[in-house]
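So the structure is just underneath, and the comments pick up after that.
The values are calculated or read from the model by the stated rules, or taken from the named source; none is laboratory data. From a predicted model like this one, the values you see are computed outputs, not experimental measurements. Cβ placement follows ideal geometry from the backbone for every residue including glycine, while neighbour counts extend to all protein chains displayed.
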Amino acid sequence: MSFQDGVGAKNIGMMWMSLAVLAMFVLPILGATATVPTIPEDVEDEWWATTNMDKNGDKIHDAIPIAIKSTQYDWVDDEGRISVIVDFDHLPTEADERLLENRVDFRVQFRYHIIDSIAGSVEVSQIGNLANLPGVVLLEIDGILTIQMADVNEIHGITNVWDETGYTGAGSVVAIIDTGIDASHEGLNDLDDNNETNDPKVIGFYDVINRPDDTNGTDVEAYDDQGHGSHCAGITAGTGAPTYEYIGV
């Protein structure tokens with residue numbers, strides 16, 4: 001190889017090296033000007049925007065109008081007031097109490113410090129105005145609710161199932177995994193509610209908490225130290241009141 005050829009090759013090599021160095025500077029600049037797509041963050045709806053307690057979106061629990069019109073229960077007192085829980089979009093302060101009192105004559109019973117709510121009473125005529133105060137997101141009815149099982153079969157269409165299919169559950173064995181079962185309850189103590197016959201409805205009981213080693217189902221007398229299990233058993237297989245008017249599923 002001649003000296004001239006060596007110089008040419010050297011010059012070509014230097015040219016490619018220069019181009020590589022130039023590219024190192026140019027590419028980051030081009031990259032910096034390119035638009036990087038952003039991925040929007042998922043924003044969860046607030047609970048009051050998706051709750052099924054307020055289907056028409058007026059910020060008044062759907063049970064409140066029903067309670068106001070009820071002739072069976074005294075939700076509205078002699079002064080025309082009803083007890084409600086006012087839910088806020090923030091933890092309520094003393095200023096929120098004053099707002100409720102001054103604007104709609106709200107009588108505060110409790111201002112909670114863990115949940116964003118104030119409990120008290122308001123005149124029925126002020127329900128709409130209360131719901132539209134700043135920061136208020138929902139009005140809930142406040143009171144002691146009781147479970148009414150008298151009409152549950154008809155409401156859930158159970159009687160239709162009985163009539164259309166003929167299935168009544170007779171002869172079935174059902175396991176209730178719950179707080180226990182009160183086998184002496186009049187709706188659960190025997191199959192035909194006739195004390196003259198020996199046909200216990202509860203045929204086995206297992207106490208997984210206190211006596212887990214007794215697994216044959218008969219060593220431990222059935223009991224329920226909370227009541228929920230007996231309630232579920234009553235729904236499933238209870239004979240209800242002695243008149244047989246209301247019975248289990």
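Data overview
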| quantity | calculated |
| --- | --- |
| Enumerated helices (runs of 4 or more DSSP H) restricted to region 78-189, each holding at least 2 residues that are assigned by TED's automatic domain parsing to the domain that holds P65 and crowded, with 17+ Cβ neighbours inside 10 Å | 94-104, 127-131 |
| Residue in region 208-220 that is outside any loop (DSSP other than H, G, I, E, B), acidic (D, E) and either under 25 Å from the mean Cα position of the chain (by Cα) or farther than 30 Å from I85 by Cβ (or both) present | no |
| Flag if N153 is at pLDDT below 90 and either in contact with a helix residue (DSSP H, G or I) (Cβ under 6 Å, 6 or more places away or on another chain) or farther than 30 Å from N210 by Cα (or both) | yes |
